[in-house]
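Following: one structure in structure tokens, then a few remarks.
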Amino acid sequence: MFPFYLSHLRQAPYFTPGALGFHRSPHLISVLSRKLMSTATTRSNLSLPPPESDIPIFTTVASYREWRRKAFIENRSVGFVPTMGALHEGHLGLVRRSLSENDLTVLSIFVNPAQFAPHEDLETYPRTLERDLKVLAEQQVVASNSDMSSNSIPTLDSNQVKRPSAVFLPSVREMYPGGIEQEIVKQRGTFVEVTAYGEQMEGKSRPGFFRGVATVVTKLFNVIQPTNAYFGQKDIQQALLLRHMVTDLLLSHPSPDHLHIVPTARDPSDNLALSSRNAYLSPAGRKVAPTLYAALKAAEECWLAGEGDEGGKNKNKKECVEIARALVERRIEEARYHGLDVEITLDYIEMNDAGTFEILDDSDTRSFRGNEAAPVILSGAMWVDRTRLIDNLLLGDFGTVVR
Ligand code: AMP
């Protein structure tokens, strides 16, 4: 129990005595951390103390706010990576990006009931807290003094190793003091809806999903007060919708310009987008899972094939999506032929305007209109047995989207 955050105290000059009402005395740290842990209600509804970690863990809003207050006073930038845990390289890439751009980095782990419909996988969602804390503690980047914010105290070394500074690990009760029902009609209280944007694309397949996401992220932003926040392109609609939300609600922590979208991390062997839900896949399911990416790539290739070609050979959206669908059909046939015990069902493959989320007209050929055309989200969802996979590619001039 003892090394709850002691080694971190040694690494991070930010954690001076008294930062949390704690002291460097090992004995006192041990007593206080035990007290903190004994009052912790974490891991969804379970009242279990968090496992040991070298990184300070905050399970209450009040204790985190005390820490954040000090960061404000010292003018330290705070980067934030919200997650539902079961960490993989996709999450860790966001953490490293935050480490490289901020003085302090906070990651939250919270499986948010409000974004799961009653028939979805809230109960079985992978929860691997002990391992998460271990891999998180292994993350580090070497920052040169010139990377530090202007108020950081320069170190004697020319380079400084930066590691995650804190984990926010609240209980459901802490995040939803009035309780939370999964069925929207039974919910009472305050929720955040990003209208229109939340009803398109994934919102059509998962009504209420983005309401749950926008609500929990608003709460998390209110607590964490991040200078910068990091989201994955893997969930592109979520990230862009949150940028709308931050803009509309006039948030300053983060401001819209400080909500960053980081490219999707993939399995280098077959390009499957990393996802906590990949853990649900059977061996046969894992084998066929990259079909979705392959289909998106086929549509992308079609879309870009005649770029710059004035001769009228350009394919339109409908043709390109058809090519992608045909590829999925072929892979389904192949899986059957090889006797793979797996069921693949394509939910959708679609192209949407990255600004409005509107579906592109079937006849759209905007890739040939050059850089002035709005970027396009080419996205898809596919069931592999009972696991729903999503993926996307950005087409066109997407530098304004992923940054
Ligand atoms: P989750 O824990 O699934 O809610 O994801 C937390 C954050 O990690 C979200 O911003 C996701 O978009 C991001 N993320 C998840 N998978 C990936 C990935 N393969 N590449 C990049 N970011 C990801």
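Would you check if there is a residue in region 114-127 being among the hydrophobic types (A, V, I, L, M, F, W, C), under 21 Å from residue 74 (Cβ atoms), modelled with pLDDT of 95 or more and not in a helix (DSSP H, G or I)? Let's see the steps before the verdict.
Our first condition is that a residue be among the hydrophobic types (A, V, I, L, M, F, W, C); within region 114-127, this holds for 114, 116-117, 122.
Narrowing further to those that are under 21 Å from residue 74 (Cβ atoms): none.
No: region 114-127 contains no residue that is among the hydrophobic types (A, V, I, L, M, F, W, C), under 21 Å from residue 74 (Cβ atoms), modelled with pLDDT of 95 or more and not in a helix (DSSP H, G or I).
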TODO: Residue by residue through region 222-236, note down the ones that are more than 10 Å from the ligand (Cβ to nearest atom) and in contact with a helix residue (DSSP H, G or I) (Cβ under 6 Å, 6 or more places away or on another chain).
DONE: 223, 225, 228
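Output the residues belonging to region 87-123 that are farther than 30 Å from residue 185 by Cα, aliphatic (A, V, I, L, M) and near the ligand (Cβ under 9 Å from one of its atoms).
The first filter runs over region 87-123 and keeps only residues farther than 30 Å from residue 185 by Cα, leaving 87-107.
With the extra rule that they be aliphatic (A, V, I, L, M), the set shrinks to 87, 92, 94-95, 99, 104, 106-107.
Within region 87-123, 87, 94 qualify.
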TODO: Could you please find all residues in region 245-255 being farther than 22 Å from residue 201 by Cα and surrounded by fewer than 23 Cβ atoms within 10 Å (Cβ to Cβ)?
DONE: 249, 250, 251, 252, 253, 255
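Out of 344, 323, 332, 390, I need the residue that is buried (at least 20 other Cβ atoms within 10 Å of the Cβ) and farther than 21 Å from residue 197 by Cα. Which one?
344
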Task: Leading residue by the ranking (farthest from the ligand (Cβ to nearest atom)) among those in region 245-266 that are under 22 Å from residue 96 (Cβ atoms) and β-branched (Val, Ile, Thr) - done: 261
- [ ] Please enumerate the residues belonging to region 375-402 that are in a loop (DSSP other than H, G, I, E, B) and not acidic (Asp, Glu).
- [x] 375, 386, 396, 398, 399, 400, 401, 402
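A quick yes/no check of all residues on (1) more than 14 Å from the ligand (Cβ to nearest atom); (2) in contact (Cβ under 8 Å) with a residue 60 or more places away in the chain; (3) open to solvent by 20 Å² or more (accessible area, probe 1.4 Å):
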residue: 203; (1), (2), (3): yes, no, no
residue: 207; (1), (2), (3): yes, yes, yes
residue: 217; (1), (2), (3): no, yes, no
residue: 220; (1), (2), (3): no, yes, no
residue: 240; (1), (2), (3): no, yes, no
residue: 243; (1), (2), (3): no, no, yes
- [ ] Pairs only if they're at least six apart or on different chains, beta carbon under 8 angstrom, first in region 57-85 and over 26 Å from residue 114 (Cβ atoms), second open to solvent by less than 40 Å² (accessible area, probe 1.4 Å) and among the aliphatic types (A, V, I, L, M); list them, first residue then second.
- [x] 66/20; 70/19; 71/78; 71/104; 76/104; 77/104
- [ ] Scan region 69-86 for residues that are near the ligand (Cβ under 9 Å from one of its atoms), aliphatic (A, V, I, L, M) and outside any loop (DSSP other than H, G, I, E, B) and jot them down.
- [x] 81
- [ ] Among what's in region 267-285 and is hydrophobic (A, V, I, L, M, F, W, C) and surrounded by 17 or more Cβ atoms within 10 Å (Cβ to Cβ), pick the residue that is farthest from the ligand (Cβ to nearest atom).
- [x] 284
Open item on the list: Yes or no: region 193-200 includes at least one residue that is out of contact with any strand residue (DSSP E or B) (no Cβ under 6 Å at 6 or more places or on another chain), among the β-branched types (Val, Ile, Thr) and outside any helix (DSSP H, G or I).
Closed with: yes
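Residue-by-condition table, conditions (1) aromatic (Phe, Trp, Tyr); (2) within 21 Å of residue 388 (Cβ to Cβ):
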position: 205; (1), (2): no, yes
position: 209; (1), (2): yes, yes
position: 233; (1), (2): no, yes
position: 238; (1), (2): no, yes
position: 246; (1), (2): no, no
position: 250; (1), (2): no, no
position: 257; (1), (2): no, no
position: 262; (1), (2): no, no
position: 273; (1), (2): no, yes
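The values are calculated or read from the model by the stated rules, or taken from the named source; none is laboratory data. It should be emphasised that the depicted structure is a prediction, and the values quoted were computed from it without experimental measurement. Cβ atoms come from the backbone with ideal geometry, glycine included; neighbour counts cover every protein chain shown. Keep in mind that these areas ignore ligands, DNA and RNA; they rest on the heavy atoms of the full protein, side chains included. Shrake-Rupley method; radii C 1.70, N 1.55, O 1.52, S 1.80 Å.
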